Amino acid sequence: MRLKIPMPLSFILGQQKKLQKKILKAIPSLPLVAPARPARPRKPRAVRARLQEVTGFGTNPGHLRMLEYVPPKAGKGAPLVVVLHGCLQSADDFDKGSGWSALARDGGFVLLYPEQRKSNNPNLCFNWFRPSAVARDRGELMSVRQMIDNACARHHVDKKRIYVQGLSAGGAMASALLATYPELFAAGQIVAGLPFGAARDAMSALSVMNSGVNRSAREWGDLVRAVTPEVKKKPVISIWHGTADRVVSVANARATLAQWLDVYGLDEADGKAVTIKGQEAWVWHDAAGKPLIEFCLIDGLGHGLPIMSKRSATAKAGMPYMLEGAISAPTHMNRTILAGR
């Protein structure tokens, strides 16, 4: 039988200290700090939309929205560009696809975007085919006129340098603005649009879009003279259309050309062939050599706004009715704006 001899206390304490040292060596040293509080998630910053809405710009009989972009470089005496979107488009979508705000930022001009509401038209088309919507000082046309006056007053715009571009239904509305208020504009670009007075209701509008209307140049010109008997100031009219457009017949581009040739008293045979980015176009000049009408039929282009390829930083391909290629309608018009004509 073995007897258990109790170990001295000093021996036990010594063994415990050795064990503690081994443990401390095995554990990496950590700073003695209080545990950090869990970080609160930061609220995402509100991103300011590039286009800003303006309210209270007038009586707004057409019940449209007014949006604008005013870049830092747009000082007193800056040009104003009015941009009219097509059906199934918003102002913001059109701006992103066309690259207009980037051009305005670099060029220092003010952008104005009238925008349609679904309560006016479920497809967001401007109602260019309703006489009440495009009559002088009435309807949607008057709303756009009030927007222009408001923008000119607030941003001290050079009233001699106001321009308008419209696509499709917006192009038809641009035709109406140029016909009714020609004194307002230095130039206007009608892209895949229609001549002024081409239709009088929704049914006739569909027919005109599909196949055009058979009228003489004099009859087309009379429609403009009925609202503006004397065109004292002649804005440059730039007509762009795709030969493969299956939504708005190219016959409407030819009718628009006939309309303005008659209004300006020009002969079709006097047009001069030019080249825009490899694309043939035609230009008519006044007696002093100033361009008055441009006519560009783009081979193989469908229905939409021609923009430059993806390599361009000013436009975003892939948006509805933005057609990528070697030629850009906004870029071409931008050259006109910067040239100041």
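Going by how many other Cβ atoms sit within 10 Å of their own, how do 237, 293 line up, fewest first?
293, 237
Tell me, in nm to one decimal, what length is gained between residue 280 and residue 117 on full extension, where the rule is 0.36 nm per residue of separation less the Cα-Cα distance?
Computed gain between residue 280 and residue 117 is 55.0 nm.
List the residues whose amide H sits under 5 Å from the amide H of residue 125, counting only those 5 or more places along or on another chain, with H placed 1.01 Å from N in the peptide plane.
88
Within the set of other residues whose C-beta is less than 9 Å from the C-beta of residue 63, count the net charge using Lys and Arg as +1 and Asp and Glu as -1.
Charge balance in the 9 Å sphere: +1.
Mind listing the phi-derived Karplus ³J(HN,Hα) values for the stretch 189-195, rounded to whole Hz, using 6.51, -1.76 and 1.60 with θ = phi - 60°, and x for any glycine or proline?
The phi angles translate into 10, 9, 10, 6, x, 9, x Hz.
Hey, what did the stretch 57-339 get for relative contact order, percent, Cα under 8 Å, at least 6 apart?
18 percent.
Have a look at the DSSP beta bridges in the stretch 62-147 and tell me what percent are antiparallel, nearest 5.
Here the share of antiparallel DSSP bridges comes out near 60 percent.
In a shell of Cβ-Cβ distance under 12 Å around residue 89, excluding residue 89 itself, what net charge do Lys and Arg (+1) and Asp and Glu (-1) give?
-3
I need 224, 247 ordered by Cβ neighbour count within 10 Å, fewest first.
Least crowded to most crowded, the residues run 247, 224.
I need the calculated FRET efficiency for the pair residue 132 and residue 88, taking r as the beta carbon distance and R₀ as 25 Å, to the nearest 0.05.
Step by step, r from the Cβ atoms, then E = 0.60.
Ranked by Cβ crowding within 10 angstrom, fewest neighbours first, how are 292, 305, 178 ordered?
The order, fewest Cβ neighbours first, is 292, 178, 305.
Tell me, what HN-Hα J-couplings in whole Hz come from the Karplus equation 6.51 cos²θ - 1.76 cosθ + 1.60 at θ = phi - 60° for each residue of the stretch 259-264, using x for Gly and Pro?
So the J values, rounded to whole Hz, are 4, 7, 4, 5, 4, 8.
Please list, in order along the stretch 108-125, the HN-Hα scalar couplings obtained from phi with the Karplus expression 6.51 cos²θ - 1.76 cosθ + 1.60 (θ = phi - 60°), rounded to whole Hz, x for Gly and Pro.
For the stretch 108-125, the Karplus-derived couplings read x, 10, 8, 10, 10, 10, x, 10, 6, 10, 5, 5, 8, 8, x, 9, 6, 7 Hz, x marking Gly and Pro.
Please give me the summed charge of the neighbours of residue 134: other residues whose Cβ is under 14 Å from its Cβ, Lys and Arg +1, Asp and Glu -1.
So the surrounding residues net to +2.
As an exercise, use a Förster radius of 41 Å and the Cβ-Cβ distance of residue 202 and residue 287 to find the FRET efficiency, rounded to the nearest 0.05.
The formula returns an efficiency of 0.45 here.
What residues have an amide H closer than 5 Å to that of residue 285, excluding those fewer than 5 places away on the same chain, when H is modeled at 1.01 Å from N in the peptide plane?
Excluding prolines and chain starts, which carry no amide H, the hits are 292.
Considering amide H positions built from the backbone, and no H for Pro or chain starts, which residues 5 or more places from residue 99, or on another chain, come under 5 Å of its amide H?
Distant-sequence amide H within range of residue 99: 316.
Given Cβ point charges of +1 (Lys, Arg) and -1 (Asp, Glu) and nothing else, what value in debye, to the nearest 20, does the dipole of the stretch 143-289 about its Cα centre take?
For this selection, approximately 400 debye.
Among rounded, prolate and oblate, which fits the stretch 155-213 when a ≥ b ≥ c are the square roots of the eigenvalues of its C-alpha gyration tensor, a/c under 1.5 means rounded, and a/b larger than b/c means prolate?
prolate
Quick one: compute a quarter of the convex hull surface over the Cα atoms of the stretch 57-339 and quote it in nm².
About 13.4 nm², averaged over all directions.
Taking the Cα centre of the stretch 57-339 as origin, work out the dipole magnitude from +1 charges on Lys and Arg Cβ and -1 charges on Asp and Glu Cβ, in debye rounded to 20.
Using only the charged Cβ atoms, the result is roughly 620 debye.
For residue 59 and residue 269, what is the calculated FRET efficiency with R₀ set at 41 Å and r taken between the beta-carbons, to the nearest 0.05?
0.35
In the stretch 62-107, with Lys and Arg counted as +1 and Asp and Glu as -1 at Cβ, which of these residues, 79, 98, 67, has the Cα nearest the positive end of the dipole, that is, farthest along it?
Value: 79.
Just list whichever of 73/159; 118/233; 76/272; 73/232; 96/118; 76/277 have alpha carbons separated by over 28 Å in the model shown.
118/233; 76/272; 73/232; 76/277
The numbers here are math on the coordinates, done by the rules we state, and not lab data. Treat the numbers as computed from the prediction; the structure is a model and nothing was measured. All Cβ positions, even for glycine, are placed from backbone atoms using ideal geometry, and neighbour counts span all protein chains on display.
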